[in-house]
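The values are calculated or read from the model by the stated rules, or taken from the named source; none is laboratory data. Just so we're clear, the structure is a prediction, and the values are computed from it rather than from any experiment. No Cβ is skipped: glycine too gets one built from the backbone with ideal geometry, and neighbour counts run over all protein chains shown.
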Amino acid sequence: MKQSRLLKSILSVSGVLILVKVLGFVKQMVIAASFGANANTDLINLSYGFIGNAQYLLVQVMLTAVVSVYIHVKGENEKEANQFASYTLVVSTVIAAVISVLICGLSSWVARLLAPSYSPELIRQLSSYLRLFSPILIPLVWMAVFHALLNGNQRFVPGQLEGLYQSVILVAVITLGSSSLGVNSLALGYWLYAVISAAILGVQARRYFGRSHGNPFRNPHIQSLLHMMGPLLIGYGAVYINQMVDKILVSGLESGTVTAMSYAAVLANLVGTLICSLCSVLYAHLTEQISRGNKRAVSQLTERTVLLLTVLLLPVTVIAVAQSEDIVHLVYGRGVFDNQAADMTAQALRGYCLYFIPLALREIYSCIQYGYQDSKRPTRNSVIGIVCNIILSILLCPVLGVFGVTFASSVSTLVIGGLNMHSARQDAPFLSFQSFWKAAPFLTVGGATAILLSWLCGQWFSGFSVLIRLCLNTICVFAAYGMIVCPMLWKMGLFNQLFPKKSKF
């Protein structure tokens with residue numbers, strides 16, 4: 001595999017993601033300015049968030065399991081791979097339909113579980129929204145299958161455009177319909193997004209489907225898929241339960257906190273989604289090299305990616321945490337979005353932004369294990385981390401409010417990342433952490449300098465406007481960090497690891 005091929009994929013995905021996230025900010029700004037943070041927006045966020053968590057569960061399972069099995073099958077017989085794709089679509093539709101029916105039938109019970117402190121009237125409204133959103137799982141899961149097949153064929157850009165479709169559709173629907181539909185325009189927008197996006201991705205992935213006949217559950221490749229999906233469902237199911245617990249805890253705080261937490265999640269996901277998307281590119285390439293038995297390529301790709309993301313994400317974390325209030329005011333501070341909503345959102349953002357580097361470690365080392373079709377160890381690690389998250393959220397929420405809940409999420413991600421680093425070597429004992437540990441002391445010095453300078457800049461530039469203050473702080477922190485870290489990396493020869501002139505594999 002040529003290094004330029006991987007670099008081209010990463011750059012193309014990065015460019016698309018920047019566009020998608022810019023539009024995502026515009027979408028959230030429109031939502032915040034139109035509806036603010038109140039009980040009505042909480043109902044939409046709780047109901048669609050519940051469905052979104054179920055989507056997250058199914059999508060992550062599909063993307064992980066389907067890509068791994070599909071690439072291995074395609075390497076042996078492309079016709080069988082196309083048949084496997086068709087069987088996968090049928091199986092995923094059955095699974096999504098069953099879950100949708102269960103959610104619809106149990107909507108009242110689910111509503112009371114999600115918001116036990118709500119009044120009977122609010123519970124009734126929440127239950128109706130759950131029934132409205134429950135069938136949306138089917139097109140959302142179709143999107144996941146199409147996305148996985150496109151990734152398996154190293155077509156990474158189409159799947160990343162899902163966020164663009166959502167932003168454009170929601171902004172259009174809110175702009176045209178908010179005056180007559182109110183907050184229900186959000187519900188209409190989510191439905192249109194799911195249907196239109198599934199249709200677009202389906203057209204792009206249609207060439208990868210083949211004729212299928214008989215019972216798909218008896219196909220040996222589908223059985224391998226289901227075998228791999230079992231532990232993944234447990235692991236991602238633990239994430240799903242954890243997100244439910246977080247929203248239950250936060251729903252007991254002041255009105256609008258659930259919405260504020262979702263606004264903060266959108267900001268943090270600017271970086272988080274970029275990390276996960278780049279790792280999805282890495283996953284496809286790693287799985288291809290694993291199927292070929294190329295251990296050296298697997299080791300080098302992993303080591304370079306860990307080092308590069310750690311170097312880049314450290315100053316980003318410092319800026320995001322230190323300047324959380326300015327970021328929130330800059331993005332959302334208009335319309336009916338008041339200072340109370342801004343304060344709640346900034347608190348949640350601080351806790352979320354601590355997870356950037358742990359998330360990179362978690363995703364990279366889980367890619368190794370999934371590439372070897374080992375879903376048991378990362379699932380075990382995920383469950384351990386989620387248990388820690390739930391315990392910390394319960395303990396910290398009464399003391400620290402929404403910050404305690406989001407901080408617990410970051411700690412959980414760190415626990416899972418550390419466990420994945422350890423267990424990945426059981427599948428791939430040839431993996432090396434040498435460059436990471438060599439760079440760690442220098443990154444610590446650079447990070448400490450960035451923290452100190454960020455605090456000083458907050459004092460020096462306090463009289464400037466929000467935008468100017470944020471820009472000056474960012475420039476100063478990145479400049480000082482780069483002056484410390486880059487010469488050290490150069491002296492250690494680690495730039496050759498980050499940017500090799502010529503691939504040796």
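See the values below:
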item	result
When residues of the stretch 261-308 are limited to those that are at pLDDT 80 or above and small (Gly, Ala, Ser), the one farthest from Asn38 (Cα to Cα)	Ser299
Any chance Val321 is in a helix (DSSP H, G or I), farther than 30 Å from Ile71 by Cα and in the same structural domain as Ile475 (by TED's automatic domain parsing)	yes
Selection from the stretch 391-436 of residues that are among the polar types (S, T, N, Q) and farther than 21 Å from Ile241 by Cβ	Ser423, Gln426, Ser432, Gln434, Ser435
Yes/no for Val445 being in the same structural domain as Ser291 (by TED's automatic domain parsing), touching a residue at least 12 places away in the same chain (Cβ under 8 Å) and buried (at least 19 other Cβ atoms within 10 Å of the Cβ)	no
Leu150 vs. criteria touching a Gly at 6+ places or on another chain (Cβ under 8 Å) and closer than 15 Å to Thr88 by Cα	yes
Unique match (being over 24 Å from Phe356 (Cα atoms) and part of a helix (DSSP H, G or I)) among Arg207, Arg211	Arg207
Any hit, the stretch 285-295, residues being out of contact with any Gly (no Cβ under 9 Å at 6 or more places or on another chain), in a helix (DSSP H, G or I), surrounded by 20 or more Cβ atoms within 10 Å (Cβ to Cβ) and in contact (Cβ under 8 Å) with a residue 24 or more places away in the chain	yes
Condition broken by Ile327, with the remaining ones in (1) within 19 Å of Val22 (Cα to Cα); (2) at pLDDT below 80; (3) over 19 Å from the mean Cα position of the chain (by Cα); (4) β-branched (Val, Ile, Thr) satisfied	(2)
Index of the failed condition, Ala32 passing every other in (1) among the hydrophobic types (A, V, I, L, M, F, W, C); (2) under 28 Å from Val331 (Cα atoms); (3) surrounded by fewer than 19 Cβ atoms within 10 Å (Cβ to Cβ)	(3)
Single residue of the stretch 155-182 satisfying the filter (within 16 Å of the chain's Cα centre (by Cα) and small (Gly, Ala, Ser)) that is modelled with the lowest pLDDT	Gly159
Any hit, the stretch 129-143, residues being surrounded by fewer than 24 Cβ atoms within 10 Å (Cβ to Cβ) and not in a helix (DSSP H, G or I)	no
Among residues of the stretch 57-97, those that are modelled with pLDDT under 85, surrounded by fewer than 19 Cβ atoms within 10 Å (Cβ to Cβ) and in contact with a Phe, Trp or Tyr (Cβ under 6 Å, 6 or more places away or on another chain), counted	1
Residue in the stretch 453-467 that is surrounded by fewer than 18 Cβ atoms within 10 Å (Cβ to Cβ), in the same structural domain as Asp326 (by TED's automatic domain parsing), closer than 21 Å to Leu267 by Cα and at pLDDT 85 or above present	no
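Condition check ((1) outside any helix (DSSP H, G or I); (2) within 22 Å of Gly256 (Cα to Cα)) across all residues:
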{"residue": "Val110", "(1), (2)": "no, yes"}
{"residue": "Arg124", "(1), (2)": "no, yes"}
{"residue": "Ser127", "(1), (2)": "no, yes"}
{"residue": "Phe146", "(1), (2)": "no, no"}
{"residue": "Gln154", "(1), (2)": "yes, no"}
{"residue": "Ile169", "(1), (2)": "no, no"}
{"residue": "Ser185", "(1), (2)": "no, yes"}
{"residue": "Tyr193", "(1), (2)": "no, no"}
